[in-house]
1. Can you tell me the order of 18-29, 79-90, 107-118 when each peptide is scored by its average per-residue count of other Cβ atoms within 10 angstrom, highest first?
2. Report relative contact order for region 20-145 in percent, whole number only (criteria: Cα-Cα under 8 Å, sequence separation at least 6).
3. Take 127, 7, 43 and order them by how many other Cβ atoms sit within 10 Å, fewest up front.
4. Ranked by Cβ crowding within 10 angstrom, fewest neighbours first, how are 65, 6 ordered?
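No value in this document is a laboratory result; all are computed from the given coordinates. Nothing here was measured: the structure is a model prediction, and the numbers come from that model. As a convention, Cβ positions derive from the backbone with ideal geometry for all residues, glycine included, and neighbour counts pool all protein chains shown.
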């Protein structure tokens, strides 16, 4: 084996290690929505090994996913080679994973932002897409708490205004 081939193999190894250990879910799907890649984040949060999901249909593995909606979201990714996004404000999650911080967190499940990216083959076609799943539970909790606080302050302000109005009568 040449030095160049050894270096390529070593680079591939650390790239695969990074893919498995990054704190983002990475799932590659083909056009039939069969799982091709399932990284460590997904394994950890779903409890499913890559060997259990590989070449299986996403909708069979996760029947709670709204298939018509998800297919519509992926259509421009496959056909137009553009990215698509799903935010927790639109839908709290795609994968209903439990919140892994049950003591410090107040949410029952993981809020997720998701990016869908085309994986363009050498011939220029998109046969696979990559889903990147980000845990945004902390952001969602903070925003929900802030909104709740704003409602409380607004209600308190209205009560104070009413009291002052009654005092003038």
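1. Most protected by this proxy first, the peptides run 107-118, 18-29, 79-90.
2. For region 20-145, the relative contact order is 25 percent.
3. 7, 127, 43
4. Listing 65, 6 from fewest to most nearby Cβ atoms yields 6, 65.
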